[in-house]
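A quick write-up on the structure given underneath.
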Amino acid sequence: MALARKKITVVGAGFTGATTALMLAQKELGNVVLLDIPQLENPTKGKALDMLEASPVQGFDSQIIGTSNYDDAAGSDIVIITAGVARKPGMSRDDLVNTNAGIMRSVCENVKKVAPESIVIILSNPVDAMTYVAYKTLGFPKNRVIGQSGVLDTARYCTFIAQELNVSVEDVRGFVLGGHGDDMVPLVRYSNVGGIPIDKLIPADRIEAIVQRTRVGGGEIVNLLGNGSAYYAPAASLVQMAEAILKDKKRIIPVIAYLEGEYGYNDLFLGVPAILGGDGIEKVFELELTAEEKAALDKSADSVRSVIAVVNA
Ligand SMILES: NC(=O)C1=CN([C@@H]2O[C@H](COP(=O)(O)OP(=O)(O)OC[C@H]3O[C@@H](n4cnc5c(N)ncnc54)[C@H](O)[C@@H]3O)[C@@H](O)[C@H]2O)C=CC1
Ligand SMILES: O=C([O-])CC(=O)C(=O)O
């Protein structure tokens, strides 16, 4: 019996969605369906065909199709949602909430019909609140609705640490807790380079500068691009999450998870370290935090709660 390839649908064929589709195919994680609105059906088909035509050169055998028809997404193992508007200089992610909540609801109404068994990963901003909207609309169990922020925020943090020390990014470990906003919480105490705690390697004022740069890392790219937001590192982050699930790798990755009592929060989606495997979020880790770290996390949780209040109004 032939083993079937996995099927991954990427909703939203803009900068992040298209980049994600190509990276998924290059890694041969499955066949890819790239889906956008009917008005953009031809450009979406064109992007998908262009990617497919890279496959003989790069030697990957994943199929990629472009569509605006949810029937093509039927039976997807993973659905990645990037649909929505991106911010421009001068805007915060939270300014996108009303527009993107409407888009998220309509996308999820379709996803739950055609791919009721899928694991859904949300990228659209403000992502903690959009993951909440997706969860409420989909009605899927909490382990199958996951938001992306921590992989990206941690990647930025690790990039800056590696740059500071002029060492390989491969040896930098750390993670960022909390919401995907300017009060996210890079956890310095749990960060190391080659096993050496970073406070033994980098002076306190430079660590603080790295933490601050990480917090506004998305805005730094928005200001440089001028008309949109980051997409290469966000796409790479989505692909790492999809790979962990599709290969049941059981990686420990920071993800936006639904919390029911963890860290003292309820009915809230927030970035926390978790095991990501074949069942989606398989376990959330509740770390011991100092009073200062917990206060920072509370502040971040409050920000997310205030955006969720807007979508619940
Ligand atoms: N969570 C995170 O770490 C990150 C989140 N983002 C967010 O991801 C979202 C997408 O960003 P980009 O790809 O750069 O934007 P983009 O504007 O390039 O692409 C968005 C795409 O969504 C499509 N779309 C809109 N409504 C749709 C619907 N109902 N169904 C299907 N497709 C629909 C648009 O036609 C467009 O092609 C934004 O909200 C952005 O803020 C971006 C980077 C990182
Ligand atoms: O900054 C933005 O608007 C996009 C995003 O979430 C990021 O790059 O972290």
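The values are calculated or read from the model by the stated rules, or taken from the named source; none is laboratory data. A quick note: this is a predicted structure, and the numbers were derived from the prediction, not measured. With ideal geometry, Cβ positions are generated from the backbone for all residues, glycine too; neighbour counts draw on all protein chains shown. Note: areas computed on protein heavy atoms with side chains; ligands, DNA, RNA excluded. Shrake-Rupley method; radii C 1.70, N 1.55, O 1.52, S 1.80 Å.
Could you tell me which of the residues D77, D72, D50 is buried (at least 19 other Cβ atoms within 10 Å of the Cβ) and at pLDDT 95 or above? Let's see the steps before the verdict.
On the way: D72 fails: buried (at least 19 other Cβ atoms within 10 Å of the Cβ); D50 fails: buried (at least 19 other Cβ atoms within 10 Å of the Cβ).
Sole residue among the options that is buried (at least 19 other Cβ atoms within 10 Å of the Cβ) and at pLDDT 95 or above: D77.
Can you pull out the residues in region 83-113 that are under 30 Å from L52 (Cβ atoms), within 11 Å of ligand 1 (Cβ to nearest atom) and open to solvent by 20 Å² or more (accessible area, probe 1.4 Å)? Reasoning before the result, please.
Within region 83-113, the subset under 30 Å from L52 (Cβ atoms) is 83-86, 100, 103-104, 106-113.
Still in the list and also within 11 Å of ligand 1 (Cβ to nearest atom): 83-86, 100, 103-104, 106-111.
Selection gives G84, V85, A86, I103, S106, E109, N110.
Here is a yes/no grid of residues against (1) within 16 Å of ligand 1 (Cβ to nearest atom); (2) outside any strand (DSSP E or B); (3) of a type outside the set (D, E, K, R); (4) touching a residue at least 12 places away in the same chain (Cβ under 8 Å):
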| site | (1), (2), (3), (4) |
| --- | --- |
| R206 | no, yes, no, yes |
| G219 | yes, yes, yes, yes |
| L224 | yes, yes, yes, no |
| P234 | yes, yes, yes, yes |
| L238 | yes, yes, yes, yes |
| M241 | yes, yes, yes, yes |
| I252 | no, no, yes, yes |
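When you check K7 against the structure, is it in contact with a helix residue (DSSP H, G or I) (Cβ under 7 Å, 6 or more places away or on another chain), surrounded by fewer than 24 Cβ atoms within 10 Å (Cβ to Cβ) and of a type outside the set (F, W, Y), yes or no? Lay out the reasoning, then the answer.
Numbers: in contact with a helix residue (DSSP H, G or I) (Cβ under 7 Å, 6 or more places away or on another chain): no; surrounded by fewer than 24 Cβ atoms within 10 Å (Cβ to Cβ): yes; of a type outside the set (F, W, Y): yes.
When the stated conditions are applied, K7 does not pass them.
Out of L152, L123, report the one residue that is within 15 Å of ligand 1 (Cβ to nearest atom), more than 14 Å from V311 (Cα to Cα) and in contact with a Leu (Cβ under 8 Å, 6 or more places away or on another chain).
On the way: L152 fails: in contact with a Leu (Cβ under 8 Å, 6 or more places away or on another chain).
Result: L123 is the single residue among L152, L123 that is within 15 Å of ligand 1 (Cβ to nearest atom), more than 14 Å from V311 (Cα to Cα) and in contact with a Leu (Cβ under 8 Å, 6 or more places away or on another chain).
Kindly indicate whether any position in region 56-66 is within 11 Å of ligand 1 (Cβ to nearest atom), among the hydrophobic types (A, V, I, L, M, F, W, C) and surrounded by fewer than 18 Cβ atoms within 10 Å (Cβ to Cβ).
no
What is the residue count in region 145-181 for residues that are within 16 Å of ligand 2 (Cβ to nearest atom) and either without any contact (Cβ under 8 Å) to a residue 40 or more places away in the chain or in a helix (DSSP H, G or I) (or both)? Don't jump to the end; show me each part of the working.
Here is the first cut: in region 145-181, the residues within 16 Å of ligand 2 (Cβ to nearest atom) are 146-160, 175-181.
Now narrow it down to the ones that are either without any contact (Cβ under 8 Å) to a residue 40 or more places away in the chain or in a helix (DSSP H, G or I) (or both): 150-160.
Total meeting the criteria: 11.
Taking only region 289-313 into account, find how many residues are under 24 Å from N143 (Cβ atoms) and among the charged types (D, E, K, R).
1
Residues being among the aromatic types (F, W, Y) and either more than 24 Å from the chain's Cα centre (by Cα) or in a loop (DSSP other than H, G, I, E, B) (or both): count how many of those fall in region 42-81. Explain how you work it out, then say what you get.
Here is the first cut: in region 42-81, the residues among the aromatic types (F, W, Y) are 60, 70.
Okay, now just the ones that are also either more than 24 Å from the chain's Cα centre (by Cα) or in a loop (DSSP other than H, G, I, E, B) (or both), so 60.
Going through region 42-81 one residue at a time, the tally reaches 1.
Restricting to region 227-250, what's the tally of residues that are over 18 Å from L24 (Cα atoms) and either within 13 Å of ligand 2 (Cβ to nearest atom) or surrounded by 17 or more Cβ atoms within 10 Å (Cβ to Cβ) (or both)?
Filtering region 227-250 down to residues over 18 Å from L24 (Cα atoms) leaves 227-229, 250.
Still in the list and also either within 13 Å of ligand 2 (Cβ to nearest atom) or surrounded by 17 or more Cβ atoms within 10 Å (Cβ to Cβ) (or both): 227-229.
Counting residues in region 227-250 that are over 18 Å from L24 (Cα atoms) and either within 13 Å of ligand 2 (Cβ to nearest atom) or surrounded by 17 or more Cβ atoms within 10 Å (Cβ to Cβ) (or both) gives 3.
All but one of (1) touching a helix residue (DSSP H, G or I) at 6+ places or on another chain (Cβ under 8 Å); (2) on the phi > 0 side of the Ramachandran plot hold for I210; which doesn't?
(2)
Which one of these does N42 not meet: (1) open to solvent by 80 Å² or more (accessible area, probe 1.4 Å); (2) over 18 Å from V239 (Cα atoms); (3) more than 15 Å from ligand 1 (Cβ to nearest atom)?
Among (1) open to solvent by 80 Å² or more (accessible area, probe 1.4 Å); (2) over 18 Å from V239 (Cα atoms); (3) more than 15 Å from ligand 1 (Cβ to nearest atom), N42 violates only (3).
If you check V127 against the conditions, is it in contact with a strand residue (DSSP E or B) (Cβ under 6 Å, 6 or more places away or on another chain), modelled with pLDDT of 95 or more, away from ligand 2 (no atom under 12 Å from the Cβ) and open to solvent by less than 40 Å² (accessible area, probe 1.4 Å)?
Criteria not met by V127.
Is it the case that region 91-98 has a residue that's within 16 Å of ligand 2 (Cβ to nearest atom), of a type in the set (D, E), free of Cβ contacts under 8 Å to residues at least 60 places away in the same chain and assigned to a helix (DSSP H, G or I)?
In the first step, residues of region 91-98 are kept if they are within 16 Å of ligand 2 (Cβ to nearest atom); the result is 91-98.
Filter once more, keeping what is of a type in the set (D, E): 94-95.
Now restrict to residues that are free of Cβ contacts under 8 Å to residues at least 60 places away in the same chain: 95.
Restricting the remaining residues to those that are assigned to a helix (DSSP H, G or I) gives 95.
The answer is yes, given that some residue of region 91-98 is within 16 Å of ligand 2 (Cβ to nearest atom), of a type in the set (D, E), free of Cβ contacts under 8 Å to residues at least 60 places away in the same chain and assigned to a helix (DSSP H, G or I).
When you go through V211, V255 one by one, which is the residue that is under 14 Å from the mean Cα position of the chain (by Cα), of a type in the set (V, I, T), within 16 Å of ligand 2 (Cβ to nearest atom) and farther than 22 Å from K88 by Cα?
Values: V211 fails: under 14 Å from the mean Cα position of the chain (by Cα).
The unique qualifying residue is V255.
Is there a residue being open to solvent by 10 Å² or more (accessible area, probe 1.4 Å) and closer than 26 Å to L24 by Cβ anywhere in region 180-187?
Looking through region 180-187, at least one residue is open to solvent by 10 Å² or more (accessible area, probe 1.4 Å) and closer than 26 Å to L24 by Cβ.
Inside region 1-22, can you point out the residues that are under 22 Å from S124 (Cβ atoms) and away from ligand 2 (no atom under 16 Å from the Cβ)? Full working, then the answer.
We begin by selecting, within region 1-22, every residue under 22 Å from S124 (Cβ atoms); these are 7-22.
Passing the criteria: K7, I8, T9, V10, V11, A13, A21, L22.
Within the set of pairs 6+ apart or on separate chains, which have a first residue in region 263-286 that is part of a loop (DSSP other than H, G, I, E, B), a second that is among the hydrophobic types (A, V, I, L, M, F, W, C), and C-beta atoms under 6 Å apart?
Here the result reads Y265/L259; Y265/A301, each pair linking region 263-286 to a residue that is among the hydrophobic types (A, V, I, L, M, F, W, C).
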